[in-house]
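To keep things clear, I will list the structure first and then write my remarks on it.
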């Protein structure tokens, strides 16, 4: 590879020549080609010599200059090597090694250098970001749009969920990343008119093989907005900023930036199998490791399992007696926490919350408290409102929580991706860290590397989660299908607070069809499997006190001991929207879990090299009628296991 630094003469007119420099992954399979073609910066991506992202635009349009055209490529650095080893307790792998090749490309507009673009390419992953440069007296700017494109090639299909309409949904709280994924959809659509939420998965058919491409972003904080993908016709996709109407029109949908300034990272994962998608850690690899391990250790001690009454018993369950019953339930399960959901300030009161917190501690159960994120840009009546969006009120609230021993908060109803909203997320996280609180977000945006950026960040919803199983029978009927998307999409780029794994057949406290609430059609083993398949360091499961008596004992015992933090993940088999099998390791223990959404029973011969030949393991599985059970099996010398998974069923090997 030619590693010379290439310079172009800066001309008063657009350069007509095409200048290029490539950067490749350490194994040489993934190659990015960056060019400045007639003044337009662009890139393309090839994998194993075949193009998978065609020439796509780069650049930014700002109020001090359009840095997407009439540019020249005025400098390219030599290819350099980047390595990093880091530990994170709250993602799919605890120990991570990153190795990539990098180049930085400098672009000039007429007589001044205005922008650099840094590319890092690791095996199966690409990350790039812009570096805006100051010029003379110009020390700040407004970024109006990005030209950043992701142009797919012919024959590619998509796996994406539409961006929700602005100020729609419950109490005008959308968008909140809570729509269904569609499998193998044709390109050329634009969701419901507002594009698609990250991450976005693409499949390029290549003969008998498939090339999989996952597009997302990471490193977003209060210095930028969060983005999405818009389809611009056919195979052309472009990164797009939030809509003006988001957050009830509050705040700008552009980005206010100081100079010099870095944008977030745009990430692309490419591979010839879904293993590369499921196991990627690029979301965290490219971020700074400036958080003290002591702070991470302190947060990790607060992770774990818990219960919450709302999912089964709804708003009226938020009363002192029911919450005390759920504390006893968490204690009986050996779980560490209880989430007290909305309306606790009205229906229980702060003095009695302090009493509940004290009672919980006596049982080894700590409380999480729910908050409405604001009162300015949603109509949601659930309280407490107006406590989290103003600094002095937020800090006073957190100081009170610290004084009574609250473990964490769940903050809901954000309704937008503007820069001011990203600043609110960051402010909540930083203040909560000062007062020793973990943070879970709901009705919210996708987390974008926050596990590495903020030590007390636990998880985000940003998915069509379990509350919809309570409200909609249609969601119950498609629960298995929806679940098979999540390990390949939402959960592969960030911790996901789903709130599932119920053992109730009905989403109501009587567990029968005489009351409101959806009826579960998936099996008990399916519920156990999703506790493994869905990754979050804090999980509040949708189980209820009645499950101690009316659920199978083998299932209850499994849920008593299910881990929530993992040291390693391995993709075994699957296809988004059809079925999925993953293996997760905690310490020296492996859990292999799978579910099936296909109508026909799924027969698989699984190769499980991580297991010890001759070892006896627990095998949880379903019969054809979804009657579950557990038995012991011995791992063969070939380390292969035959499984049959009925529709809406699952299996777990422990």
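Against the conditions (1) closer than 22 Å to residue 537 by Cα; (2) buried (at least 17 other Cβ atoms within 10 Å of the Cβ), where does residue 361 fall short? Just the number, please.
(2)
Applying the selection to region 260-276, what residues are under 17 Å from the mean Cα position of the chain (by Cα) and either in a loop (DSSP other than H, G, I, E, B) or not assigned by TED's automatic domain parsing to the domain that holds residue 152 (or both)?
The one that is under 17 Å from the mean Cα position of the chain (by Cα) and either in a loop (DSSP other than H, G, I, E, B) or not assigned by TED's automatic domain parsing to the domain that holds residue 152 (or both): 264.
Does region 95-112 hold any residues that are surrounded by fewer than 16 Cβ atoms within 10 Å (Cβ to Cβ), in a strand (DSSP E or B) and over 28 Å from the mean Cα position of the chain (by Cα), and which are they?
Matches in region 95-112: 112 only.
In region 227-238, what count of residues is obtained for those that are touching a residue at least 60 places away in the same chain (Cβ under 8 Å) and either over 25 Å from residue 52 (Cβ atoms) or in a strand (DSSP E or B) (or both)?
4
Residues of region 566-587 being in contact with a helix residue (DSSP H, G or I) (Cβ under 7 Å, 6 or more places away or on another chain) and either farther than 27 Å from residue 160 by Cβ or not in a strand (DSSP E or B) (or both), which ones?
576, 577, 578, listed by residue number.
So, in region 305-322, how many residues would count as being in a loop (DSSP other than H, G, I, E, B) and either more than 29 Å from the chain's Cα centre (by Cα) or farther than 17 Å from residue 515 by Cβ (or both)?
So the answer is 2.
For region 40-60, enumerate the residues that are on the phi > 0 side of the Ramachandran plot and either surrounded by 18 or more Cβ atoms within 10 Å (Cβ to Cβ) or touching a residue at least 40 places away in the same chain (Cβ under 8 Å) (or both).
48, 59
Looking at this structure, is residue 129 more than 24 Å from the chain's Cα centre (by Cα) and either under 23 Å from residue 282 (Cα atoms) or surrounded by fewer than 22 Cβ atoms within 10 Å (Cβ to Cβ) (or both)?
Considered against the rule, which asks whether it is more than 24 Å from the chain's Cα centre (by Cα) and either under 23 Å from residue 282 (Cα atoms) or surrounded by fewer than 22 Cβ atoms within 10 Å (Cβ to Cβ) (or both), residue 129 comes out as no.
Among the numbered criteria (1) in the same structural domain as residue 472 (by TED's automatic domain parsing); (2) touching a helix residue (DSSP H, G or I) at 6+ places or on another chain (Cβ under 6 Å); (3) within 15 Å of residue 591 (Cα to Cα), which one does residue 522 miss?
Among (1) in the same structural domain as residue 472 (by TED's automatic domain parsing); (2) touching a helix residue (DSSP H, G or I) at 6+ places or on another chain (Cβ under 6 Å); (3) within 15 Å of residue 591 (Cα to Cα), the lone unmet condition for residue 522 is (3).
For region 113-135, which positions are in a strand (DSSP E or B) and touching a helix residue (DSSP H, G or I) at 6+ places or on another chain (Cβ under 9 Å)?
Passing the criteria: 120, 122, 125, 126, 127.
Yes or no: region 595-615 includes at least one residue that is in a strand (DSSP E or B), more than 30 Å from residue 157 (Cβ to Cβ) and not assigned by TED's automatic domain parsing to the domain that holds residue 279.
no
The values are calculated or read from the model by the stated rules, or taken from the named source; none is laboratory data. Since this is a predicted model, take the numbers as computed values, not measurements. Note that we place each Cβ from the backbone using ideal geometry, even for glycine, and neighbour counts take in every protein chain shown.
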